[in-house]
1. So which residues in the stretch 144-164 are within 11 Å of V197 (Cβ to Cβ) and in contact with a strand residue (DSSP E or B) (Cβ under 6 Å, 6 or more places away or on another chain), if there are any at all?
2. Residues to consider are K39, K75; find the one that is within 26 Å of N211 (Cβ to Cβ), surrounded by fewer than 18 Cβ atoms within 10 Å (Cβ to Cβ) and modelled with pLDDT under 95.
3. Checking the conditions here, which among D29, D66 is acidic (D, E), open to solvent by 10 Å² or more (accessible area, probe 1.4 Å) and either in contact (Cβ under 8 Å) with a residue 24 or more places away in the chain or part of a strand (DSSP E or B) (or both)?
4. Looking at the structure I just gave you, is A127 modelled with pLDDT of 95 or more, assigned to a helix (DSSP H, G or I) and touching a Lys or Arg at 6+ places or on another chain (Cβ under 7 Å)?
5. What residue, among those in the stretch 189-210 that are part of a strand (DSSP E or B) and touching a helix residue (DSSP H, G or I) at 6+ places or on another chain (Cβ under 8 Å), is farthest from R128 (Cα to Cα)?
6. I'm trying to understand the selection: among the residues of the stretch 42-58, which are among the polar types (S, T, N, Q) and closer than 13 Å to Q212 by Cα?
7. Of the residues that make up the stretch 106-115, is at least one within 25 Å of S61 (Cβ to Cβ) and either in a helix (DSSP H, G or I) or under 18 Å from the mean Cα position of the chain (by Cα) (or both)?
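The values are calculated or read from the model by the stated rules, or taken from the named source; none is laboratory data. The structure presented is a predicted model; accordingly, all values stated were derived computationally and were not measured. With ideal geometry, Cβ positions are generated from the backbone for all residues, glycine too; neighbour counts draw on all protein chains shown. Heavy atoms of the whole protein, side chains included, go into the accessibility calculation; ligands, DNA and RNA do not. Shrake-Rupley method; radii C 1.70, N 1.55, O 1.52, S 1.80 Å.
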Amino acid sequence: MLLIKAVLVLCSATVALASHAVVSGAIFDGMDTTNPRAKGTEIWENPANHAAAAASILTYSASNADFRPAEQPPKALGSNLAAFMKKASTFPGFREKGENDHKLRLDGSFSQFEETIRHHLDDAITARGLRDLIPGYIQDKSLKEWVLSLVVLSKPENSDKVNIKLARVCLTMSRDKSGTAYMEKQTASLKVSNLQVNSNFLAEHAEKFANQIPVYMVHDFIDFFASPKVPDEDNDMIFGDSDSCSKRRQTILSW
């Protein structure tokens, strides 16, 4: 219950504003051992396939909450982020593994933003993933309060344990006359909710989930949660200040 309450409380002041925006992304870290030919109950019964099972649950939860980052602009995502967080966090096949809540003292530098998160979490992958979500261009002058939402799915090599991090940073972004985004000195909020897949539960209810939840492979999950880049006035595509590491960390086992 504490996790659920924390999810709903996070950025409550921001979510109440009509002018807030959400940028979303997803990362897979580790080795995806899912058999690409697995279908139906095989996805849910075999722990080797549970990276895809977790990806399916997260994507299904977001779809049901009408949180569709690849299809919706940042402003439209704001009203449904909390609903997605609640659905994902309360899924009975996930175990709560605690959360981290931090204040980030930022000096306006993107590199310092990344270094500060890495220091708090001791997690370079999540820090880089959140930095990659910082918008490089803001079209709408009313959008000042931003939530950077990152879903991190991980499965260590030589292990069938699948872990999930739901990371969110709430901060203020500004724009110059041309629309180029910049970060002012501020204190931002960081929260990371940690979940772990309950493999026994998924296997026990494999038939039910196979009939209820569409299968999304890891690459589908990454694509689904990736907010589109924002076009500037010359139709160039600008988003973060560096290339996304979303797919660079993914290793898929060939069968």
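1. Listed by number, the residues that qualify are L153, S154, K155, V162, N163, I164.
2. One residue alone meets the criteria, K39.
3. One residue alone meets the criteria, D29.
4. Answer is yes for this residue.
5. V197
6. Answer for the stretch 42-58, where residues must be among the polar types (S, T, N, Q) and closer than 13 Å to Q212 by Cα: just S56.
7. So far as the stretch 106-115 goes, no, none of its residues is within 25 Å of S61 (Cβ to Cβ) and either in a helix (DSSP H, G or I) or under 18 Å from the mean Cα position of the chain (by Cα) (or both).
Let's see how each residue does on (1) surrounded by 15 or more Cβ atoms within 10 Å (Cβ to Cβ); (2) at pLDDT 95 or above; (3) not basic (K, R):
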position	(1), (2), (3)
L190	yes, yes, yes
F201	yes, yes, yes
E204	no, yes, yes
A210	yes, yes, yes
V215	yes, yes, yes
S227	yes, yes, yes
D234	no, no, yes
S242	no, no, yes
S254	no, no, yes
